[in-house]
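See structure below.
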Amino acid sequence: MSTFEQLGLSPETLQAIYKLGFEEPTPIQEKAIPLALSGADIIGQAPTGTGKTAAFGLPIIERMVPGSDDIQGLVVVPTRELAIQVAEELNKIGEYKRVHTLPIYGGQDMMRQIKLLKKRPQIVVGTPGRLMDHMRRRTIRLQNISIVVLDEADEMLNMGFIDDIKYILGDIPGERQTLLFSASISKAVETISNQFMKNPSLIQATPRNNTVPSTEQHYIEVPERKKFDILCNLLDLHSPEAAIIFGRTKKRVDELNEALSRRGYSTGAIHGDLSQAQRNAVMSQFRSGSIDILVATDVAARGLDIEGVSHVYNFDIPQDPESYVHRIGRTGRAGRKGVAFTFITHRELEHLRIIENLTKRKIIRHPIPTLTDALAGQQQVTVERMLKTIEEPAISAYKSMAESLLEHHDSVTLLAAALKLLTKEPNTDPVQITEDHYAPPRAKKQRAKAPERRQRRPRPRKAHR
Ligand code: ADP
Ligand code: MG
């Protein structure tokens, strides 16, 4: 295994790595960085959460000329949130080398973006739609680009961005280095690589420390109309530090978010119909811990890296097995532990098996948590808080109060009352979430007679930009 020092990075970039706190390169970084520094085209494949951003981010920063007036590096990503996240990481990596990165994405004010582009960033991270807007308006100059990265390439191509990607790549000088990173490699990825890359080297990295298997996967079979109460029981039982709940549609995500906050959970919603300002605000609340639960459509599933997400709940099983992998990849990142729970209704069992086959991992059946389990979970939280408080010097101010109470009541009764007061007891106010019945995309039984009519639901493209 090599160290970052052995990978051929400059002192400025190494300094940035120390500041980021990375101790050693991940396998994909170890393989991709020296090769990318040599100027080669690369297709890098590695599981989610294994540091692909820095695998292309470090070499891209190294290859930039600081202070230059030209955009020399371009990173194309499928979602707005990812544009922001990747640009942030590149700005951190480029801090000491003084390489400046700008995210551009749909939903943000065009005039503001044009102003920011005039400040001459060396790298732009953008979503395909918005990049093309700027290209058509000639508010971005791609003539001096020396390196292009497609991040989450499989997803972008899946989402129907293939023509957009061709348009963008077609407009960038051929004398450039092209890097393509993805968790999986599809036919569409191969097509793009054949057309737009020069003898790309394929690098595949398996995770060290079992990065992906560190996510425990469970499913709970539950009738549609009981999903919400059972979700609340689970949340009370687990008290997750930070959790993401995935719902199938924007409407359901909104309803879930409202219903959860009515029951006293600290939540925020994110989906494609919210304004970009709202989406950014929710993301920063979640990152800073001022909300514990993010309720999301698949917009949030791709590539987002949020520290400390301990639990992922699939309120609805994803339509697309690939998106299951990406959703649960939001937890158990960088070798930490994570847990994923997926609700399925009886008729979705078959779809679950498809997912198991794809991921080659068994998803373990979990019993339905009851209200009693939920209460026990919350009581445990109270006990832990109380035991921690015992160590705080500030409690001495309460001791004489305790002594005078003990003159009239026995200690067990008093302690029980205190525990009850401190415990967030499960709230069972009735809540209505619109029922959403799921049509499995590959319902084999109905199709038996007409197998050629295999239809996938088209995915809305605009919503993801
Ligand atoms: P991917 O794109 O492969 O899904 P990310 O690039 O988002 O993964 O990285 C996942 C997390 O791992 C991020 O929080 C990132 O800062 C962290 N990380 C990346 N490289 C390293 C490293 N060498 N050591 C420790 N943490 C790292
Ligand atoms: Mg990524």
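The values are calculated or read from the model by the stated rules, or taken from the named source; none is laboratory data. What you see is a predicted model; the values in this text were computed from it and never measured. When we count neighbours, we look across all protein chains shown, and the Cβ atoms used for this are built from the backbone with ideal geometry, even at glycine. To get the accessible areas, we keep the full protein, side chains included, count just its heavy atoms, and leave off ligands, DNA and RNA. Shrake-Rupley method; radii C 1.70, N 1.55, O 1.52, S 1.80 Å.
Below 10 angstrom from the Cβ of F196, what's the summed charge of the other residues (Lys, Arg +1; Asp, Glu -1)?
+2
Which order, highest average first, do 146-159, 310-323 follow once you tally other Cβ atoms within 10 Å for each residue and take the mean per peptide?
Per-residue mean Cβ counts within 10 Å order the peptides as 146-159, 310-323.
Rg/Rh for the range 149-268 to two decimals, with Rh computed the Kirkwood way over all alpha-carbon pairs.
Here the Rg-to-Rh quotient is 1.13.
Sort the following peptides by mean Cβ neighbour count (other Cβ atoms within 10 Å, averaged over residues), highest first: 416-427, 236-247.
Working: 416-427: 13.8, 236-247: 21.8.
Descending packing order for the listed peptides: 236-247, 416-427.
Got a sec to turn the phi values of the range 38-51 into Karplus ³J(HN,Hα) couplings, 6.51 cos²θ - 1.76 cosθ + 1.60 with θ = phi - 60°, whole Hz, x for Gly and Pro?
7, x, 6, 7, 9, 10, x, 10, 7, x, 4, x, 10, x
Nearest 0.05, what FRET efficiency do K420 and E175 give at R0 = 51 Å with Cβ-Cβ as r?
Numbers: r = 72 Å, r/R0 = 1.41.
Efficiency computed from Cβ-Cβ geometry: 0.10.
Using a basic spin-label model with each label point 7 Å from the Cα along Cα→Cβ, how many nm lie between L14 and T370?
6.1
Using the Karplus curve 6.51 cos²θ - 1.76 cosθ + 1.60 with θ = phi - 60°, work out ³J(HN,Hα) for each residue of the range 58-66 in order, rounded to whole Hz, and write x for Gly and Pro.
5, x, 5, 4, 4, 8, 7, 9, x
Kindly provide the GluC sites (Glu not before Pro) of the range 347-397 that DSSP labels as loop, not H, G, I, E or B, and whose Cβ sees at most 13 other Cβ atoms within 10 Å.
Answer by residue number: E391.
Semi-axes, largest first, in whole Å: what does sqrt of 5 times each Cα gyration tensor eigenvalue give for the range 293-409?
Those come to 42, 18, 11 Å.
When a/c reaches 1.5 or more, the comparison of a/b and b/c decides; with that in mind, is the range 1-56 rounded, prolate or oblate per its Cα gyration tensor?
oblate
Order M111, M386 by their accessible area, 1.4 angstrom probe, all chains in place, largest first.
M111, M386
With a Cα-only, solvent-free Debye model of the range 79-151, what are the log10 I(q)/I(0) values at q = 0.23 Å⁻¹?
With one equal scatterer per Cα and no solvent, log10 I(q)/I(0) is -1.15.
Amide H of I203: which non-local residues (sequence gap of 5 or more, or other chain) have their own amide H closer than 5 Å, using H built in the peptide plane?
HN-HN under 5 Å from I203: I43, G44, Q45.
Would you mind pulling out the separation of the Cα centroids of the range 318-332 and the range 28-101, in Å?
If you average the Cα positions of each part, the centres end up 24 Å apart.
Per the Kirkwood formula on distinct C-alpha pairs, the Rh of the range 216-354 is how many angstrom?
14.9
Between T342 and residues 5 or more places away or on another chain, which pairs have amide H atoms under 5 Å apart, with H built 1.01 Å from N, and which residues are they?
Excluding prolines and chain starts, which carry no amide H, the hits are H218, Y219, I220, N314.
Report the dimensions of the range 4-204 along its three principal axes from the alpha-carbon atoms, largest first, rounded to Å.
43, 38, 29
Using a simple spin-label model with points 7 Å from Cα along the Cα→Cβ vector, what separation in nm is obtained for K251 and H408?
5.6
When the Karplus curve 6.51 cos²θ - 1.76 cosθ + 1.60 is applied with θ = phi - 60°, which whole-Hz ³J(HN,Hα) does each residue of the range 76-89 get, with x for Gly and Pro?
After applying 6.51 cos²θ - 1.76 cosθ + 1.60, I find 10, 10, x, 10, 5, 4, 5, 4, 5, 5, 5, 4, 4, 5 Hz.
I need the semi-axes of the equivalent ellipsoid of the range 36-81: take the C-alpha gyration tensor, multiply each eigenvalue by 5, square-root it, list largest first in whole angstrom.
21, 15, 9
Run the helix sum for the chain: -39,500 (n - 2.57) per DSSP H stretch of 4+ residues, divided by residue count, reported at 222 nm to the nearest 500 deg cm²/dmol.
-12000 deg cm²/dmol
Bin width 5 Å, alpha-carbon pairs only: give the P(r) of the range 338-393 as whole percents, running from 0 to the bin holding the largest distance.
Each 5 Å bin holds this share of Cα pairs: 4, 14, 15, 16, 12, 10, 10, 8, 6, 4, 2, 0.
Over the range 4-204, what is the relative contact order in whole percent, taking alpha-carbon pairs under 8 Å and six or more residues apart?
On the way: 358 pairs, mean separation 56.3, N = 201.
Relative contact order, the range 4-204: 28 percent.
Using 10 Å bins from zero, what percent of all Cα-Cα pairs in the chain falls into each bin?
Per 10 Å bin, starting at zero, the Cα-Cα P(r) for the chain comes out as 4, 18, 27, 23, 15, 8, 3, 1, 0 percent.
Please work out how much accessible surface R141 shows to a 1.4 Å probe, ignoring ligands, DNA and RNA, in Å² rounded to 10.
140
Pairs K19/K119; K388/K424; K227/K420; K97/K119; K187/K362; K92/K388: which exceed 29 Å Cα-Cα?
Beyond 29 Å between Cα atoms: K92/K388.
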